[in-house]
1. I'm checking my understanding of the structure. Among residues of the stretch 126-154 that are of a type in the set (S, T, N, Q) and modelled with pLDDT under 95, which one is nearest to Glu183 (Cα to Cα)?
2. Filter the stretch 70-103 down to the residues that are in contact with a Ser or Thr (Cβ under 6 Å, 6 or more places away or on another chain), open to solvent by 10 Å² or more (accessible area, probe 1.4 Å) and of a type outside the set (D, E, K, R) and list them by number.
3. Looking at Leu199, Leu187, Leu178, which is the one that is in contact with a Gly (Cβ under 6 Å, 6 or more places away or on another chain), open to solvent by less than 20 Å² (accessible area, probe 1.4 Å), under 25 Å from Ala225 (Cβ atoms) and among the aliphatic types (A, V, I, L, M)?
4. Which one of these is assigned to a helix (DSSP H, G or I), more than 13 Å from the chain's Cα centre (by Cα) and either over 28 Å from Glu84 (Cβ atoms) or not aromatic (Phe, Trp, Tyr) (or both): Ile168, Ile230?
5. Suppose the filter is in contact with an Asp or Glu (Cβ under 9 Å, 6 or more places away or on another chain) and closer than 22 Å to Met65 by Cβ; does Asn113 pass it?
6. For the stretch 12-69, which strands (runs of 3 or more DSSP E) that fit wholly inside it have 2 or more residues that are among the small types (Gly, Ala, Ser) and open to solvent by 30 Å² or more (accessible area, probe 1.4 Å)?
7. Are there any pairs with C-beta distances below 6 angstrom linking a residue in the stretch 78-103 that is within 12 Å of His151 (Cβ to Cβ) to a residue that is assigned to a loop (DSSP other than H, G, I, E, B) and open to solvent by 20 Å² or more (accessible area, probe 1.4 Å), with the two at least 6 apart or on different chains, and if so which?
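The values are calculated or read from the model by the stated rules, or taken from the named source; none is laboratory data. Here the structure is a predicted model, which means the values were calculated and not measured. Cβ coordinates were reconstructed from backbone atoms using ideal geometry, including for glycine residues, and neighbour counts include every protein chain displayed. All accessible areas refer to the heavy atoms of the entire protein, side chains included, with ligands and DNA or RNA removed. Shrake-Rupley method; radii C 1.70, N 1.55, O 1.52, S 1.80 Å.
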Amino acid sequence: MATPHIAAEPGQVAPLVLMPGDPKRAARIAAEHLEGAELVSDVRGIGCWTGSWQGTPMSVMASGMGIPSVSIYATELFRFYGVERIVRVGTCGGMSDKVAVGDTIVATAAHTNASLSTLFVPGISLSWTASYPLLRGAMDAAAGLTDATVHTGPVYCSDHFYFANPDIISGLAKYGTLGVEMESAGLYACAAAEGGEALTVLTVSDHLFDSSRDMSSEERETLYATSVRIAAAALLA
């Protein structure tokens with residue numbers, strides 16, 4: 001049953017998956033939030049752990065960075081391992097003046113400059129959106145939080161980390177885009193193609209217009225508790 005990128009045996013990956021980009025963050029989430037977590041795959045250093053959350057089987061698996069990487073893992077999980085729901089738990093750069101470093105963003109949709117949107121249907125640029133049941137579950141969970149600031153709206157999924165065109169950024173911000181990251185469009189596209197459900201919940205780790213409060217690399221790896229709580233609640237909803 002093993003795929004080229006996942007070594008788990010049938011049944012070792014739960015139908016519900018939390019998916020951070022960073023392998024170290026995946027290991028921390030498994031250790032700190034899952035009960036009885038066991039490593040079931042570690043191909044190319046991308047770990048997958050399976051345990052339970054509040055008594056329900058759940059896995060945590062890293063995706064790596066970028067649309068190509070997340071597309072590989074999400075497709076294999078949906079297609080070959082019977083995964084039903086994946087929620088990305090990641091970080092992003094704030095783009096809107098409505099968000100601040102440390103806030104949480106639930107991504108309703110993912111704009112992208114990647115060719116992904118035009119690959120599936122000739123002549124059409126597809127819109128990549130979150131699955132509504134997961135989105136509703138996330139927002140229900142967020143409504144019950146009194147110790148966090150949570151925003152809902154679209155994000156920009158860039159295909160190039162260091163490409164920063166001010167016109168693109170200001171244009172996207174004008175139309176309500178909250179942050180920028182590199183994986184959500186790929187995850188949403190895979191869910192649509194494979195008949196699964198997907199959502200992204202992000203911690204704002206830096207801001208494009210205010211670098212004075214940017215998180216350190218250690219903080220990016222560890223300050224994700226609100227995102228994990230919302231993501232897990234969405235998976236269980």
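1. Restricting to residues being of a type in the set (S, T, N, Q) and modelled with pLDDT under 95, the top hit is Thr149.
2. Tyr73, Phe80, Thr91 - these are the residues of the stretch 70-103 that are in contact with a Ser or Thr (Cβ under 6 Å, 6 or more places away or on another chain), open to solvent by 10 Å² or more (accessible area, probe 1.4 Å) and of a type outside the set (D, E, K, R).
3. Step by step, each of Leu199, Leu187, Leu178 is checked, and only Leu178 is in contact with a Gly (Cβ under 6 Å, 6 or more places away or on another chain), open to solvent by less than 20 Å² (accessible area, probe 1.4 Å), under 25 Å from Ala225 (Cβ atoms) and among the aliphatic types (A, V, I, L, M).
4. Ile168
5. The answer is yes for Asn113.
6. 35-41
7. Between residues of the stretch 78-103 that are within 12 Å of His151 (Cβ to Cβ) and residues that are assigned to a loop (DSSP other than H, G, I, E, B) and open to solvent by 20 Å² or more (accessible area, probe 1.4 Å), the close pairs are Met95/Leu208; Asp103/Thr149.
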